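In what follows, a single structure is set out as structure tokens and then discussed.
What follows draws every value from the coordinates through simple rules; no lab data is involved. Model, not experiment: these values are computed from the prediction. When we count neighbours, we look across all protein chains shown, and the Cβ atoms used for this are built from the backbone with ideal geometry, even at glycine.
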Amino acid sequence: MSRLRAYLWLILFVSLPVSLFAWGPIGHMTVGYVAYQNLTPAAKTRVRDLLKLNPEYANWEKAVPTGSSPDDHDRMVFMIATIWADDIKGDSKYSDDGPDPNTPDGASSSQNIGYTDLFRHRYWHFVDKPFLTDIPIPTPNAQTQIVAFRAVLASTQADDLKSGCCTWLATSTSPCMLPRASPDRRAMQVATPSSSSVTLPRTSTPIGTTSPVLTAVFAKTRSTA
């Protein structure tokens, strides 16, 4: 049985799209799907209410297939929310701060002020760990921001700020689960690949594209892209 299970997992692994292991929307949403399955009912309700405050929420709902159950609706919206911080990279309302958009630059790099913040903060998406230990890791990065976002969510601060942190957390956590597949950032600094510093709880939830929820969201987001 263990040999058969290993064989089936191998088939699933090699049949998944390459982009799942990169930084594309399918990778983000797949991790979001797994993460959502690990939320308690109370946490799902709270996340739903916070995501409703995101300025793109109405557009996310449009991507949910008609006739979806309330639970599937909320799950799909959560999955779509995981790519929000990637989507703003192409939104003209937002801009990069600093001469190198992938490197933190000054106090604005760490500001966490909610949706009034119109910087893209590309460096919040990853952690660059140099091979040489005497080279400091650039901060802020995905790891430092995950800590900051969680602190806000556990605080008594306004829900608008918590909504921004919730959405960023969904985006920043997912690439930490995936191998770095983008060569341009490795070229940005000499030999500075990233490694995961954050882990998701282990789960028996299937993560392949055979899931009807995953299939529906992937198909719908592709058709509206």
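What to note about this one:
- In the stretch 37-137, chymotrypsin sites (Phe, Trp or Tyr not before Pro) in a DSSP loop with at most 11 other beta-carbon atoms within 10 Å: PHE131
- When +1 charges are put on Lys and Arg Cβ atoms and -1 charges on Asp and Glu Cβ atoms, the dipole computed for the stretch 89-144 relative to its Cα centre reaches about 180 debye.
- The trypsin sites (Lys or Arg not before Pro) found in the stretch 24-59 that occupy coil by DSSP, while having at most 15 further C-beta atoms within 10 Å, are LYS52.
- All lysines inside 23 Å of LYS162 as judged from Cα atoms, apart from same-chain residues fewer than 8 positions distant: LYS44, LYS52, LYS89, LYS93
- For the pair ASN102 and ASP160, label points projected 7 Å from Cα toward Cβ lie 3.4 nm apart.
- Cα Rg over Rh - the stretch 41-94, Kirkwood: 0.99
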